[in-house]
Amino acid sequence: MTRFAFSLLLVLAILWAPGAAAADEATPSLAEIVEKTNHVAYYQGQDGRAVASLTITDGKGRVRRKDFTILRRDQGSEDGAQKLYVYFDQPADERGVTFLVWKHLGKDDDRWLYLPALDVQKRIAASDERTSFVGSHFFYEDVSGRGIDEDHHRLIETTANYYVLENTPKDPKAVEFDRFTMWIHKASFIPVEIKFEQDGNVYRTLKVLAVEDIQGKKTVTKMKMSDQRIGGHTVLEYSQVDYDLGLPEEIFSERYLRNPPRQHLP
(Lines give C-alpha, C1' and ligand atoms only; values in the text may rest on other atoms or scores of the structure.)
Protein backbone atom coordinates (compact mmCIF):
# COMPACT_ATOMS: atom_id res chain seq x y z
CA MET A 1 0.00 0.00 0.00
CA THR A 2 1.32 3.35 -0.98
CA ARG A 3 2.33 5.69 1.81
CA PHE A 4 0.81 9.12 1.72
CA ALA A 5 2.57 12.43 1.94
CA PHE A 6 0.22 14.78 0.17
CA SER A 7 0.60 18.49 0.79
CA LEU A 8 -2.37 20.64 1.68
CA LEU A 9 -2.10 22.32 -1.72
CA LEU A 10 -2.40 18.98 -3.46
CA VAL A 11 -5.40 18.09 -1.33
CA LEU A 12 -7.10 21.32 -2.24
CA ALA A 13 -6.25 20.71 -5.88
CA ILE A 14 -8.00 17.33 -5.70
CA LEU A 15 -11.02 18.64 -3.84
CA TRP A 16 -11.39 21.70 -6.01
CA ALA A 17 -10.88 19.91 -9.32
CA PRO A 18 -13.37 21.12 -11.94
CA GLY A 19 -14.64 17.60 -12.47
CA ALA A 20 -15.32 17.19 -8.77
CA ALA A 21 -17.19 20.45 -8.47
CA ALA A 22 -19.24 19.68 -11.52
CA ALA A 23 -20.35 16.40 -9.96
CA ASP A 24 -22.60 18.30 -7.59
CA GLU A 25 -25.34 19.66 -9.82
CA ALA A 26 -28.32 18.66 -7.71
CA THR A 27 -28.47 19.87 -4.11
CA PRO A 28 -29.13 16.96 -1.76
CA SER A 29 -31.43 17.30 1.22
CA LEU A 30 -30.03 18.16 4.65
CA ALA A 31 -30.60 14.56 5.77
CA GLU A 32 -28.69 13.24 2.75
CA ILE A 33 -25.75 15.57 3.44
CA VAL A 34 -25.58 14.46 7.08
CA GLU A 35 -25.86 10.76 6.24
CA LYS A 36 -23.34 10.81 3.38
CA THR A 37 -20.84 12.80 5.46
CA ASN A 38 -21.15 10.32 8.32
CA HIS A 39 -20.72 7.41 5.89
CA VAL A 40 -17.56 8.83 4.30
CA ALA A 41 -16.02 9.64 7.69
CA TYR A 42 -16.67 6.32 9.45
CA TYR A 43 -18.28 3.61 7.28
CA GLN A 44 -16.40 3.14 3.99
CA GLY A 45 -16.02 -0.58 3.25
CA GLN A 46 -17.51 -3.34 5.38
CA ASP A 47 -14.33 -3.36 7.45
CA GLY A 48 -10.86 -1.84 7.32
CA ARG A 49 -7.35 -1.59 8.71
CA ALA A 50 -4.92 1.33 8.88
CA VAL A 51 -1.56 2.09 10.44
CA ALA A 52 -1.75 5.42 12.24
CA SER A 53 0.56 7.87 13.95
CA LEU A 54 -0.17 10.68 16.37
CA THR A 55 2.34 13.53 16.49
CA ILE A 56 1.46 15.52 19.58
CA THR A 57 2.84 19.03 20.04
CA ASP A 58 1.92 20.51 23.41
CA GLY A 59 1.46 24.15 24.30
CA LYS A 60 5.18 24.49 25.11
CA GLY A 61 6.32 23.07 21.79
CA ARG A 62 7.32 19.65 23.10
CA VAL A 63 6.68 16.84 20.60
CA ARG A 64 5.71 13.22 21.24
CA ARG A 65 4.77 10.50 18.75
CA LYS A 66 2.55 7.46 19.11
CA ASP A 67 2.05 4.71 16.51
CA PHE A 68 -0.84 2.30 16.42
CA THR A 69 -2.98 0.10 14.20
CA ILE A 70 -6.73 0.50 13.99
CA LEU A 71 -9.11 -2.28 12.91
CA ARG A 72 -12.79 -1.70 12.16
CA ARG A 73 -15.74 -3.96 11.45
CA ASP A 74 -19.29 -2.85 10.70
CA GLN A 75 -22.20 -4.78 12.17
CA GLY A 76 -24.59 -5.23 9.24
CA SER A 77 -24.90 -3.34 5.97
CA GLU A 78 -26.40 -0.15 7.43
CA ASP A 79 -24.33 2.72 8.87
CA GLY A 80 -25.05 1.73 12.45
CA ALA A 81 -23.37 -0.50 15.00
CA GLN A 82 -19.63 -0.84 14.55
CA LYS A 83 -16.64 -2.29 16.38
CA LEU A 84 -13.14 -0.78 16.59
CA TYR A 85 -9.89 -2.27 17.88
CA VAL A 86 -6.79 -0.11 18.41
CA TYR A 87 -3.33 -1.55 19.19
CA PHE A 88 -0.43 0.74 20.18
CA ASP A 89 3.08 -0.11 18.99
CA GLN A 90 5.06 3.02 19.95
CA PRO A 91 6.38 4.54 22.17
CA ALA A 92 8.02 1.51 23.71
CA ASP A 93 6.54 2.12 27.16
CA GLU A 94 3.03 2.07 25.65
CA ARG A 95 3.53 -0.95 23.39
CA GLY A 96 0.61 -3.31 23.81
CA VAL A 97 -1.90 -0.73 25.00
CA THR A 98 -5.22 -1.66 23.39
CA PHE A 99 -8.52 0.17 23.03
CA LEU A 100 -11.81 -1.48 22.12
CA VAL A 101 -15.07 0.24 21.13
CA TRP A 102 -18.48 -1.21 20.48
CA LYS A 103 -20.31 1.65 18.82
CA HIS A 104 -24.09 1.64 19.16
CA LEU A 105 -26.88 3.82 17.87
CA GLY A 106 -29.34 5.35 20.31
CA LYS A 107 -27.33 4.52 23.42
CA ASP A 108 -23.85 4.98 24.87
CA ASP A 109 -20.97 3.11 23.29
CA ASP A 110 -19.10 0.38 25.18
CA ARG A 111 -15.37 1.18 25.48
CA TRP A 112 -12.48 -0.62 27.12
CA LEU A 113 -8.80 0.20 27.58
CA TYR A 114 -6.01 -2.27 28.48
CA LEU A 115 -2.75 -1.03 30.01
CA PRO A 116 -0.12 -3.82 29.87
CA ALA A 117 2.39 -2.06 32.15
CA LEU A 118 -0.16 -2.28 34.95
CA ASP A 119 -1.96 -5.33 33.59
CA VAL A 120 -5.14 -3.34 34.04
CA GLN A 121 -8.23 -3.56 31.88
CA LYS A 122 -10.79 -0.86 32.53
CA ARG A 123 -14.12 0.25 31.18
CA ILE A 124 -14.20 3.82 29.88
CA ALA A 125 -17.25 5.65 31.15
CA ALA A 126 -19.61 7.32 28.69
CA SER A 127 -18.77 10.62 30.39
CA ASP A 128 -15.16 10.18 29.21
CA GLU A 129 -16.08 10.13 25.52
CA ARG A 130 -15.12 13.77 25.13
CA THR A 131 -11.80 13.58 26.95
CA SER A 132 -8.32 13.21 25.50
CA PHE A 133 -7.56 10.13 23.42
CA VAL A 134 -4.27 8.78 24.88
CA GLY A 135 -2.93 12.23 25.68
CA SER A 136 -3.55 13.74 22.24
CA HIS A 137 -5.73 16.71 21.21
CA PHE A 138 -8.28 14.24 19.77
CA PHE A 139 -11.11 12.98 21.96
CA TYR A 140 -12.19 9.34 22.21
CA GLU A 141 -15.37 10.40 20.40
CA ASP A 142 -13.34 11.92 17.54
CA VAL A 143 -11.84 8.47 16.89
CA SER A 144 -15.01 6.39 17.04
CA GLY A 145 -17.45 9.00 15.75
CA ARG A 146 -20.37 10.99 17.12
CA GLY A 147 -23.90 9.76 16.47
CA ILE A 148 -25.75 11.89 13.91
CA ASP A 149 -28.92 11.68 16.04
CA GLU A 150 -27.16 13.37 18.98
CA ASP A 151 -27.31 16.81 17.32
CA HIS A 152 -29.66 19.16 15.54
CA HIS A 153 -28.31 19.95 12.06
CA ARG A 154 -28.79 23.12 10.02
CA LEU A 155 -27.44 24.00 6.57
CA ILE A 156 -26.32 27.59 7.06
CA GLU A 157 -24.45 28.16 3.79
CA THR A 158 -23.72 26.59 0.42
CA THR A 159 -20.63 27.77 -1.42
CA ALA A 160 -19.18 26.73 -4.77
CA ASN A 161 -17.34 23.83 -3.11
CA TYR A 162 -18.79 23.29 0.35
CA TYR A 163 -21.91 22.66 2.38
CA VAL A 164 -21.59 24.47 5.71
CA LEU A 165 -23.48 22.72 8.52
CA GLU A 166 -24.10 24.01 12.01
CA ASN A 167 -24.68 21.28 14.59
CA THR A 168 -26.06 21.86 18.09
CA PRO A 169 -26.33 19.14 20.77
CA LYS A 170 -29.77 17.81 21.67
CA ASP A 171 -28.48 17.29 25.22
CA PRO A 172 -26.22 20.28 25.98
CA LYS A 173 -25.46 18.95 29.46
CA ALA A 174 -23.78 15.86 27.97
CA VAL A 175 -21.09 17.80 26.09
CA GLU A 176 -18.75 20.74 26.64
CA PHE A 177 -19.47 22.50 23.31
CA ASP A 178 -22.37 24.76 22.34
CA ARG A 179 -22.16 24.00 18.64
CA PHE A 180 -19.78 22.85 15.94
CA THR A 181 -19.62 23.95 12.31
CA MET A 182 -18.52 21.67 9.47
CA TRP A 183 -17.27 22.59 5.99
CA ILE A 184 -18.19 19.56 3.87
CA HIS A 185 -16.72 19.13 0.41
CA LYS A 186 -19.67 18.91 -1.99
CA ALA A 187 -18.35 16.25 -4.35
CA SER A 188 -16.73 13.88 -1.83
CA PHE A 189 -18.73 14.68 1.35
CA ILE A 190 -15.49 14.85 3.29
CA PRO A 191 -15.70 17.28 6.24
CA VAL A 192 -12.50 19.22 5.56
CA GLU A 193 -12.78 21.55 8.56
CA ILE A 194 -14.70 21.43 11.84
CA LYS A 195 -14.81 24.22 14.44
CA PHE A 196 -16.14 23.64 17.96
CA GLU A 197 -17.50 26.63 19.87
CA GLN A 198 -18.11 27.33 23.52
CA ASP A 199 -19.60 30.61 24.76
CA GLY A 200 -19.32 32.04 21.26
CA ASN A 201 -15.62 31.25 20.88
CA VAL A 202 -13.93 28.60 18.74
CA TYR A 203 -11.76 26.46 21.01
CA ARG A 204 -11.07 23.29 18.96
CA THR A 205 -10.41 23.09 15.21
CA LEU A 206 -10.01 20.02 13.00
CA LYS A 207 -8.47 20.43 9.54
CA VAL A 208 -8.01 17.76 6.88
CA LEU A 209 -4.51 17.99 5.37
CA ALA A 210 -4.44 15.04 2.97
CA VAL A 211 -6.83 12.82 1.03
CA GLU A 212 -6.07 9.69 -1.01
CA ASP A 213 -8.14 7.56 -3.34
CA ILE A 214 -7.91 4.04 -1.85
CA GLN A 215 -9.78 1.20 -3.53
CA GLY A 216 -12.02 3.79 -5.16
CA LYS A 217 -12.85 5.49 -1.85
CA LYS A 218 -11.79 9.04 -1.04
CA THR A 219 -10.02 8.59 2.29
CA VAL A 220 -8.65 11.18 4.71
CA THR A 221 -5.03 10.24 5.42
CA LYS A 222 -3.83 13.25 7.39
CA MET A 223 -5.62 15.64 9.71
CA LYS A 224 -4.76 18.12 12.45
CA MET A 225 -6.63 18.92 15.66
CA SER A 226 -5.79 22.16 17.48
CA ASP A 227 -7.05 23.11 20.92
CA GLN A 228 -6.87 26.78 21.75
CA ARG A 229 -7.68 26.22 25.45
CA ILE A 230 -4.66 24.07 26.29
CA GLY A 231 -2.47 25.09 23.34
CA GLY A 232 -0.70 22.90 20.83
CA HIS A 233 -2.02 20.44 18.30
CA THR A 234 -1.97 16.80 17.20
CA VAL A 235 -1.47 15.54 13.65
CA LEU A 236 -3.05 12.15 12.89
CA GLU A 237 -1.74 10.32 9.80
CA TYR A 238 -2.99 7.07 8.26
CA SER A 239 -0.98 4.73 6.03
CA GLN A 240 -1.28 1.14 4.76
CA VAL A 241 -5.05 1.63 4.54
CA ASP A 242 -7.03 -1.41 3.34
CA TYR A 243 -10.78 -1.97 3.07
CA ASP A 244 -12.91 -5.14 2.97
CA LEU A 245 -10.43 -7.57 4.52
CA GLY A 246 -12.99 -9.93 6.01
CA LEU A 247 -11.88 -9.29 9.62
CA PRO A 248 -13.45 -11.87 11.97
CA GLU A 249 -15.97 -10.81 14.58
CA GLU A 250 -14.18 -12.55 17.44
CA ILE A 251 -11.14 -10.26 17.52
CA PHE A 252 -13.32 -7.34 18.57
CA SER A 253 -13.82 -8.77 22.05
CA GLU A 254 -12.45 -8.20 25.54
CA ARG A 255 -10.46 -11.44 25.26
CA TYR A 256 -8.25 -9.87 22.58
CA LEU A 257 -7.38 -6.81 24.66
CA ARG A 258 -4.68 -8.87 26.41
CA ASN A 259 -4.01 -11.12 23.39
CA PRO A 260 -3.71 -8.94 20.26
CA PRO A 261 -4.70 -10.58 16.95
CA ARG A 262 -1.16 -10.61 15.52
CA GLN A 263 -2.19 -12.11 12.19
CA HIS A 264 -4.29 -9.01 11.49
CA LEU A 265 -1.66 -6.47 12.59
CA PRO A 266 1.11 -5.26 10.23
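The values are calculated or read from the model by the stated rules, or taken from the named source; none is laboratory data. Since the structure is predicted, the reported quantities are computational estimates derived from the model, not experimental observations. Methodologically, a virtual Cβ is constructed for each residue, glycine included, from the backbone with ideal geometry; neighbour enumeration extends over all protein chains shown. With ligands, DNA and RNA removed, areas are computed over all heavy atoms of the protein, side chains included. Shrake-Rupley method; radii C 1.70, N 1.55, O 1.52, S 1.80 Å.
Set side by side, the residues Phe99, Phe88, Phe138 differ, and just one is among the hydrophobic types (A, V, I, L, M, F, W, C) and under 14 Å from the mean Cα position of the chain (by Cα), which is Phe138. Of a type outside the set (Phe, Trp, Tyr), open to solvent by 20 Å² or more (accessible area, probe 1.4 Å) and in a strand (DSSP E or B), is that true of Lys173? When the stated conditions are applied, Lys173 does not pass them. For the range 26-63, a tally of residues being closer than 30 Å to Glu94 by Cα and of a type in the set (Asp, Glu) returns 2.
For the range 38-90: of the residues being in a loop (DSSP other than H, G, I, E, B) and among the acidic types (Asp, Glu), which is surrounded by the fewest Cβ atoms within 10 Å (Cβ to Cβ)? Across the range 38-90, the extreme among qualifying residues is Glu78. Across the range 176-216, what is the total count of residues that are over 27 Å from Ala26 (Cα atoms) and open to solvent by less than 30 Å² (accessible area, probe 1.4 Å)? Residues flagged as over 27 Å from Ala26 (Cα atoms) and open to solvent by less than 30 Å² (accessible area, probe 1.4 Å) within the range 176-216 amount to 6. Against the numbered list (1) of a type in the set (Val, Ile, Thr); (2) modelled with pLDDT under 90; (3) out of contact with any strand residue (DSSP E or B) (no Cβ under 6 Å at 6 or more places or on another chain), Val120 comes up short only at (2). Is at least one residue of the range 99-106 at pLDDT 90 or above and either of a type in the set (Asp, Glu) or surrounded by fewer than 19 Cβ atoms within 10 Å (Cβ to Cβ) (or both)? Within the range 99-106, one or more residues are at pLDDT 90 or above and either of a type in the set (Asp, Glu) or surrounded by fewer than 19 Cβ atoms within 10 Å (Cβ to Cβ) (or both). For the range 240-266, a residue qualifies if it is buried (at least 18 other Cβ atoms within 10 Å of the Cβ) and either in a strand (DSSP E or B) or under 14 Å from the mean Cα position of the chain (by Cα) (or both), and exactly one does: Val241.
I want to confirm something. Restricting to the range 134-170 and keeping residues that are surrounded by 16 or more Cβ atoms within 10 Å (Cβ to Cβ) and among the small types (Gly, Ala, Ser), which single residue is farthest from Val34 (Cα to Cα)? Applying the filter and picking the extreme gives Ser136. Yes or no: the range 120-132 includes at least one residue that is within 20 Å of the chain's Cα centre (by Cα), hydroxyl-bearing (Ser, Thr, Tyr), assigned to a loop (DSSP other than H, G, I, E, B) and surrounded by fewer than 17 Cβ atoms within 10 Å (Cβ to Cβ). Among the residues of the range 120-132, at least one is within 20 Å of the chain's Cα centre (by Cα), hydroxyl-bearing (Ser, Thr, Tyr), assigned to a loop (DSSP other than H, G, I, E, B) and surrounded by fewer than 17 Cβ atoms within 10 Å (Cβ to Cβ), which makes the answer yes. A Cβ distance below 7 Å, combined with a sequence gap of six or more or placement on separate chains, defines the contacts here; from the range 23-34, residues that are open to solvent by 60 Å² or more (accessible area, probe 1.4 Å) and modelled with pLDDT of 95 or more reach residues that are not in a helix (DSSP H, G or I) and not hydroxyl-bearing (Ser, Thr, Tyr) in the pairs Leu30/His153; Leu30/Leu155. If the condition is being touching a helix residue (DSSP H, G or I) at 6+ places or on another chain (Cβ under 6 Å) and assigned to a loop (DSSP other than H, G, I, E, B), then the range 137-160 contributes only Gly145.
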